[in-house]
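The values are calculated or read from the model by the stated rules, or taken from the named source; none is laboratory data. Owing to the predicted nature of the structure, the values given are computational and were not obtained by experimental measurement. Using ideal geometry, Cβ is built from the backbone for each residue, glycine included, and neighbour counts are taken over all protein chains shown.
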Amino acid sequence: MDVPFELRTLRYFVAVAEELHFGRAAARLHIAQPSLSVQIRKLESALGVPLLVRTSRSVSLTRAGETLLAEARSLLADAERIAHVTRHAGERDRRSILVGFQANAAAELTPRILALYAKRYPLRRSEMRSRDLTDPFVGLADGAVDVAFIRPTTDLPDWLSAEVLFREPRVLAVSVDSPLASLSEVTIQQLLDQPFVARNGPDSWRDFWLATEQRGGHTARIGAQISQLEECLEAVIAGRGIGFTQISTLRYYSRPGLTAVPVVDIPPSDVAIAWRSDDTSDLVRDFVETARMVAATTCVPAVLTAADLPLTTLRPAGQT
């Protein structure tokens, strides 16, 4: 059965029923009185019952009119509620998610995660926020981001949740002029007397990237302190120190004079998607789920390959 009226017509009727005067109702609705009268008569005709009793002095409601007034008020209230929640849902769909990252983020997974998220939620935007190497929680601690690609090095604090996406070896970044550059692999024992480039930041973070636990009690020699990856690479090239880094650095940060050597006895680096434990929003949940889906179907290179060789053979300008 077709509904014989529109919401606009019901609003007209409610105004007349509440004012019990066509002139005042027309002024309230900002329409002409003759037009309002026509609309009410069309409504009565469509319903097949009189809604109003009109005399030259007054307007009153019939029993049918009283019934329609109560139902129309309820229906119009529902319509306003539906419009509100629909607009609110649309606004939520258009929210941006802030994603913290350092250096090359989640390597080859990063563009794939962002692309799939955009495909799954086309009205949302992903905004990347870069943090320096001093912040192991990549903007989550101060609430600057909603989620972050992190490299957890110790047990996580209670306020932080994370899910590992992949694991990759750590390698030793060295200058091509270093005697270490000619080695096929190295051990920690061979590096104990070498100066290292150290990351500023919390002790646990700094110790992981110095492989302190694997040094057997030997204190690391520090040749340079850095906060940015670019600072680290330049310090290594300048011979101020050597440093451990994730193997994906080789694929994203080529520098003349820089090479890397596999290290056989230090644990790898995990790459995880992290979020605040108390954040249960769908925005975060959907991004984490998307990252999980991509990680489950993507193989990240985990060994030195032929693609890495151009980097290991680069020399400063003027050298052969």
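Observations on the structure shown:
- Residues of segment 265-281 satisfying the condition of being outside any strand (DSSP E or B), within 11 Å of ASP146 (Cβ to Cβ) and not hydroxyl-bearing (Ser, Thr, Tyr): ASP279
- Test: residue in segment 71-80 that is under 30 Å from ARG124 (Cα atoms) and either in contact (Cβ under 8 Å) with a residue 40 or more places away in the chain or surrounded by 13 or more Cβ atoms within 10 Å (Cβ to Cβ) (or both): yes
- Selection count, segment 1-60, where residues are free of Cβ contacts under 8 Å to residues at least 24 places away in the same chain, outside any helix (DSSP H, G or I), closer than 17 Å to GLU71 by Cβ and not acidic (Asp, Glu): 5
- Criterion violated by VAL171 - all others in (1) under 30 Å from CYS299 (Cα atoms); (2) in contact with a Pro (Cβ under 7 Å, 6 or more places away or on another chain); (3) surrounded by fewer than 17 Cβ atoms within 10 Å (Cβ to Cβ) satisfied: (3)
- ALA260 within 15 Å of LEU172 (Cα to Cα), assigned by TED's automatic domain parsing to the domain that holds ALA173, in a helix (DSSP H, G or I) and modelled with pLDDT of 90 or more: no
- Qualifying residue in segment 83-93 (condition: polar (S, T, N, Q), under 30 Å from ARG125 (Cβ atoms) and loosely packed, with under 14 Cβ neighbours inside 10 Å): yes
- Top-ranked residue of segment 226-257 - restricted to ones that are assigned to a strand (DSSP E or B) and within 17 Å of GLN102 (Cβ to Cβ), ranked as nearest to the chain's Cα centre (by Cα): GLN246
- Search result, residues across segment 119-154 that are out of contact with any helix residue (DSSP H, G or I) (no Cβ under 9 Å at 6 or more places or on another chain), surrounded by fewer than 14 Cβ atoms within 10 Å (Cβ to Cβ) and over 17 Å from LEU109 (Cα atoms): ASP142, GLY143
- The one condition in (1) over 30 Å from ALA15 (Cα atoms); (2) assigned to a helix (DSSP H, G or I) that THR67 fails to fulfil: (1)
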